[in-house]
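The values are calculated or read from the model by the stated rules, or taken from the named source; none is laboratory data. Here the structure is a predicted model, which means the values were calculated and not measured. Methodologically, a virtual Cβ is constructed for each residue, glycine included, from the backbone with ideal geometry; neighbour enumeration extends over all protein chains shown.
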Ligand SMILES: Nc1ncnc2c1ncn2[C@@H]1O[C@H](COP(=O)(O)OP(=O)(O)OP(=O)(O)O)[C@@H](O)[C@H]1O
Ligand SMILES: [Mg+2]
């Protein structure tokens, strides 16, 4: 069942027995998986399962209390989040975090100025930012203040900010939450285009239809533990997953 | 419009530069104080206005600059120029050492901790023989108000050009991103710790140079005057009143408020400080984003500008 083409593809990122405790609570518990280059990996699980915590561990916002994270075989332990961004790890925040006082364009320019690419001149960075705003469909709102954007547009802005640092591993934390069916289809298409550009992507999502369509493989977390891993079809039919996740899915 | 601002600014600097040759010595003395306040406000602008860390302790850098310069000149008989360099170096080193732990704090915690810095350093200095303990130090006397004035003006211009560079550079962009949302800035590749410490050090540099000039100009320093806590409040009010996070705001704020306070002090000595306080409260209520913002938007919005301002401050 597993290990089908594990040997043939290059592994970009690997988690080895990763654990994160908050006092007595084990938010992520002994999680191990490999993320292949160019793959879209879906991460699902009920509320509080530890999905966001896992992204925080990868991006460096939090350090694991146990286990190891490897990016291109290189341990990430102790590496500051900004250095992980320079390596090419980009993320969005589930609770969106725009720079409220800056224009939409300047929000994205920050990523272009400081991301993975070598230092850019300000004008170049702004051009690049404008490109990513077009890409996510926010081109016309470039000069608006970021805190004037509505919910769906804020999601797009999160995406554009993460894209502007030209990530090699993109971590998306519920970028479709609160979107309507049409908007979800648009974002699914966007994510596919990002992958076609060569980016490896981890998608956290509660919208099953979207995650099924997007994911090459699915990971399922429950109470911090990885309870299933495999193709969307096999995982979504797994009785344990149905019990754990689908049975308690919100909405 | 933008070009016009810079032409006006250049003209203003030229006009300021000839003050010692045209106006009375009293005006020159007032000018020195005003210019040094503008430097302090601009220094605060770097860490408070751009980076969003409202320091209530920049007076410690001013004090270290004062003492560094004085000790170098009095105890080691070094030149004034070398004294300035030493004072600035001490303050910058202190900013880096203290900044690493203190800049981990946010909001009120940061403000309160920085507030304690001046007191702590003043207490240490009061016990150092080399710094003259409580008695302070007396520097060699020179008659050179014009020199001190031009030096202060030069320093103010340098501080303002530095802030202008910040407003356009990658580094400054990083500071603004930190102010707006630090955790988001960090994951976008901005080395937040290093940038915050650098901003603090830059603020320290300008504050200390102002202190060094003040020491030689007044020729007498003691811990109480060098580490004067009220300096913090004044530089912050000036920067915020003029427009924190803008290039010219802190300078304009320092000029306007120095002027107002001087006029009030000479006419109605007793109630001057009370009145000054009221002026500031009114200014902060009605123009919370600084006079630069007010000047830009007032003509368009009219009285509605003030109403918006009062609403935004949520009274
Ligand atoms: N910084 C923190 N301190 C303490 N507990 C935390 C912290 N972050 C997360 N937790 C806890 O860890 C558990 C996992 O939270 P996490 O946010 O990772 O869940 P999630 O799978 O993303 O949930 P959701 O679907 O609601 O976003 C929760 O019980 C949460 O309360
Ligand atoms: Mg979450």
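Worth a mention:
- Test for residue A:159: is it within 21 Å of residue A:54 (Cβ to Cβ), more than 16 Å from ligand 1 (Cβ to nearest atom) and within 14 Å of chain B (Cβ to nearest Cβ): yes
- Number of the condition not met by residue A:69 [criteria: (1) in contact with a helix residue (DSSP H, G or I) (Cβ under 8 Å, 6 or more places away or on another chain); (2) at positive phi; (3) within 16 Å of ligand 1 (Cβ to nearest atom)]: (2)
- Residue in segment B:106-113 that is surrounded by 24 or more Cβ atoms within 10 Å (Cβ to Cβ), under 18 Å from residue B:207 (Cβ atoms) and either in contact with a strand residue (DSSP E or B) (Cβ under 9 Å, 6 or more places away or on another chain) or in contact (Cβ under 8 Å) with a residue 24 or more places away in the chain (or both) present: no
- In segment A:92-107, the residues that are outside any helix (DSSP H, G or I) and under 22 Å from residue A:191 (Cα atoms): A:92, A:93, A:94, A:95, A:96, A:97, A:98
- Helices (runs of 4 or more DSSP H) (entirely within segment B:150-258) containing at least 1 residues that are in contact (Cβ under 8 Å) with a residue 12 or more places away in the chain and away from chain A (no Cβ under 14 Å): B:192-218, B:223-226, B:230-242
- Taking every residue in segment A:39-56 that is more than 14 Å from chain B (Cβ to nearest Cβ) and pairing it with any residue that is at pLDDT below 95 and near ligand 1 (Cβ under 6 Å from one of its atoms), at least 6 positions away or on another chain, the pairs with Cβ-Cβ distances below 6 Å are A:51/A:45.
- Restricting attention to segment A:119-149 and to residues that are surrounded by fewer than 16 Cβ atoms within 10 Å (Cβ to Cβ) and under 21 Å from the mean Cα position of the chain (by Cα), the residue that is nearest to residue A:109 (Cα to Cα) turns out to be A:131.
- Members of segment A:63-89 that are within 14 Å of chain B (Cβ to nearest Cβ) and within 26 Å of residue A:187 (Cβ to Cβ): A:81, A:84, A:85, A:87, A:88, A:89
- Among residues that are farther than 27 Å from residue A:208 by Cβ, within 14 Å of chain B (Cβ to nearest Cβ) and surrounded by 17 or more Cβ atoms within 10 Å (Cβ to Cβ), residue A:101 is not included.
- Listed conditions (1) more than 16 Å from ligand 1 (Cβ to nearest atom); (2) within 18 Å of residue B:190 (Cα to Cα) are all met by residue A:93, apart from (1).
- Residue in segment A:190-197 that is touching a residue at least 60 places away in the same chain (Cβ under 8 Å), within 16 Å of ligand 1 (Cβ to nearest atom) and either surrounded by fewer than 22 Cβ atoms within 10 Å (Cβ to Cβ) or away from chain B (no Cβ under 14 Å) (or both) present: no
- In the set A:150, A:178, only one residue is assigned by TED's automatic domain parsing to the domain that holds residue A:47 and free of Cβ contacts under 8 Å to residues at least 40 places away in the same chain; that residue is A:178.
- Which numbered condition residue B:140 misses (of (1) modelled with pLDDT under 95; (2) part of a helix (DSSP H, G or I); (3) closer than 24 Å to residue B:219 by Cα): (2)
- Segment A:32-51 - residue that is within 15 Å of ligand 2 (Cβ to nearest atom) and surrounded by fewer than 23 Cβ atoms within 10 Å (Cβ to Cβ) and, of those, farthest from residue A:94 (Cα to Cα): A:46
- Total residues in segment A:108-145, condition touching a residue at least 40 places away in the same chain (Cβ under 8 Å), more than 13 Å from chain B (Cβ to nearest Cβ) and not in a helix (DSSP H, G or I): 3
- Subset tally (residues that are part of a helix (DSSP H, G or I) and buried (at least 20 other Cβ atoms within 10 Å of the Cβ)) for segment B:114-132: 7
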